[in-house]
Amino acid sequence: MYNNFFDYFCAMKNRNYIVHIAGVIAMIIWGLSFIWSTQVYRNLNPTATIFLRLVVATVFFTAILFTFKLNEKVDRKHIGLFALAAMFEPFLYFIFEGYGLKNTSPIIGSAIIAMIPLVTPIAASIFLKEKLSPMNILGLIVSFLGVMVMLINKDLKFVASTKGVIFLFCAVLVAVGYSISLAKLTKLYKPLTITWMQNIVGMIYFIPLTIIMEQFEPSNFANVSGYIVPLVCLGVLCSAVAYSLWAYAFSKLGASRANVYSNLIPVFTGIFSFILGIEMLSTNKILGILMVVVGLIFSQLKKKEAKV
């Protein structure tokens, strides 16, 4: 028995399932991000959306870290690594994802992004020397096939523009590069520090690009009521909370196993799209969701002697 809630919470932190819960919650939030993003894009262009999203995240994070004295000193020699990670994500990743989403539907966009786990193990085996068991590989395959099943039905034909698909596939490649950088940072700093720094650096990257893009694609900043709620959700939940949970799960699971959780993104996007009346869940999508979940479970199985 535990004497108090604090003792119970500390005991929970030592259990493996906390890591997996963190990964799932991050995917739920990111699944909603595709819906929130398309709502904001009705008034703001992608670069303005991402810049303001990072501003909101940075303000939120700074307040939390310094209020609760959770801030961690960053060594100057690691600034370059933070700059590289932020260049991959949020900078390049959000650009590709943003303009890809603008030319596709939330379901198609999230399904393509879910291909990240298939590419990551290859990069992780080359750069991080990570190894996957046959069961892990089977899980990757089953989970990916589940994503494909979700896209094959009479109601949702692949009608996305070529430009949108290319942007999204570029986002996948960039996300893999980010995973490699993140693997090194998680050995040096806490998840909160990593997320805070990447938001600050990413925000700086976006300042000149936002100014330039506003000349070609002006945003309707005046209609605040039309985008403020989803924008705050993107900043606080997606860029702050979800990234922190993801960095934590990543530090415990490694690049290959952690990225498999990305397959849950289209699952949650489909579920929330159905709940909000944006899109119906067909039999194929339900089957695809089940396959994704089963594949995810397989991908996380480890030998008894291994530790998380």
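The values are calculated or read from the model by the stated rules, or taken from the named source; none is laboratory data. Quick caveat: nothing in here was measured; it's all calculated off a predicted structure. Cβ coordinates were reconstructed from backbone atoms using ideal geometry, including for glycine residues, and neighbour counts include every protein chain displayed. For the accessible areas, the whole protein counts, side chains as well, though only heavy atoms, and no ligand, DNA or RNA atoms are used. Shrake-Rupley method; radii C 1.70, N 1.55, O 1.52, S 1.80 Å.
Modelled label positions at GLN215 and ILE79, each set 7 Å beyond Cα in the direction of Cβ, lie 2.9 nm from each other. Cross-link pairs exceeding 21 Å in C-alpha to C-alpha distance, out of LYS77/LYS252; LYS190/LYS252; LYS131/LYS252; LYS252/LYS285; LYS163/LYS184, comprise LYS77/LYS252; LYS252/LYS285; LYS163/LYS184. Counting only protein chain heavy atoms and rolling a 1.4 Å probe, the accessible areas of LEU173, LEU245 rank, largest first, as LEU173, LEU245. Stretching SER133 away from PHE66 to a fully extended chain increases their span by 19.9 nm, per 0.36 nm per residue minus the current alpha-carbon distance.
The label point for ILE18 and the one for ILE126, both projected 7 Å from the Cα toward the Cβ, are 3.6 nm apart. Sorting the segments 22-35, 133-146 by their residues' average number of neighbouring beta-carbon atoms within 10 angstrom, most packed first, yields 22-35, 133-146. Most tightly packed first, judged by the mean number of other beta-carbon atoms within 10 Å of their residues, the peptides 259-271, 177-189, 103-115 read 259-271, 103-115, 177-189.
On the basis of the beta-carbon distance and an R0 of 51 Å, MET280 and LYS187 show a calculated FRET efficiency of 0.70.
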